[in-house]
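Just so it is clear, none of the values below were taken in a lab; they were calculated from the coordinates. All values derive from a computational prediction rather than experimental measurement. Note that we place each Cβ from the backbone using ideal geometry, even for glycine, and neighbour counts take in every protein chain shown.
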Amino acid sequence: MSVLQNLLIDLTSGDEECAESAVFELVALGENAIPSLLEMADSPDVDSRWWALRTLAQSPLCQAEWLLPFLSNDPAPEVRQCAALGLAGKPDESAIQPLIRALSDPDSMVGNLSANALVKIGDSAVPSLIETVTKGAQSARIHALRALAEIKDHRAIPIMMKVMQEDSALLQHWAKEGLERLGLDMVYIKPV
């Protein structure tokens, strides 16, 4: 059995310490490990998919296109979470729209991790985030507004000001936080 095969077995052995060690050794194998990891990512086994994505995301060779299908289409929330986390480590503008859609994921952690990835992408994500705050589902709006607050882009000021008038404590919190981070400290008293 080859070193690669042994590492792939260790990766899915159920022994987390052994698997984490295998991640770093597989990453060190570079291009030689990528085809086997991509094949493992197509496994029907959730743990195999998760460990494959975890390893691919750790690789400096990782491409967003390898992770995006799992963010959008995987039935297991932990695999979608892993894809979002991997995309945060590899900011890529091609991931903006899939990450925006993932803000509405039924698993709130996927939405939260997708917002983190959009923050890492930064200014390029701002127009799509503003549109999401304007037209998105409530959970997506909250995640998008948090991302805008963290990015600190002045283009978000009008939507933050508008959101301050809404009847949502979370939206108001992130709008206020964003405005403060932009140096626009303000006292907001809700009209009676």
Between 0 and 90°, nearest 10: helix 46-58 axis offset from the chain longest Cα axis: 80
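Can you give the calculated 222 nm mean residue ellipticity of the chain, where each DSSP H run of n ≥ 4 adds -39,500 (n - 2.57) and the sum is split over every residue, rounded to the nearest 500 deg cm²/dmol?
Theoretical 222 nm ellipticity from helices: -21000 deg cm²/dmol.
Relative to the Cα centre, what is the charge dipole magnitude of the chain, using +1 at the beta carbon of each Lys and Arg, -1 at the beta carbon of each Asp and Glu, and rounding to the nearest 20 debye? Kindly include the intermediate steps, with their values, before the conclusion.
Values: 15 positive and 27 negative charges, 229 e Å.
For this selection, approximately 1100 debye.
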Using a Förster distance of 25 Å, the FRET efficiency for S124-L4 (Cβ separation, nearest 0.05): 0.10
Inter-probe distance in nm under a simple model that places probes 7 Å from Cα toward Cβ, at E25 and L61: 1.8
Sites L170 and E131 - FRET efficiency at Förster radius 22 Å, r taken between beta-carbons, to 0.05: 0.70
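Which length gain, in nm to one decimal place, applies between Q97 and M161 when the Cα-Cα distance is subtracted from 0.36 nm times their residue separation? Mind dumping the intermediate values first?
Values: separation 64, 0.36 × 64 = 23.04 nm, distance 2.45 nm.
Roughly 20.6 nm would be gained on extension.
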Considering only C-alpha atoms, what is the centroid distance from region 1-29 to region 84-130, in Å? 29
Once the Cα atoms of helix 77-89 and of the chain are each reduced to a long axis, what angle between those two axes, in degrees from 0 to 90 to the nearest 10, is obtained? 80
Could you state the angle between the C-alpha long axis of helix 108-121 and the longest principal axis of the C-alpha atoms of the chain, as a value from 0 to 90 degrees rounded to the nearest 10? 80
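I need the calculated FRET efficiency for the pair D185 and M109, taking r as the beta carbon distance and R₀ as 35 Å, to the nearest 0.05.
0.65
Just check the chain against the gyration tensor rule for me: Cα atoms, a ≥ b ≥ c as the square roots of the eigenvalues, rounded for a/c under 1.5, and otherwise prolate or oblate depending on whether a/b exceeds b/c.
In terms of gyration-tensor shape, prolate.
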Quote to one decimal, in nm, the extra length available between S43 and S13 on full extension: 0.36 nm per residue of separation minus the C-alpha distance between them. 9.3 nm
Relative contact order of region 1-112, pairs being alpha-carbon contacts under 8 Å that are 6 or more residues apart, as %: 18
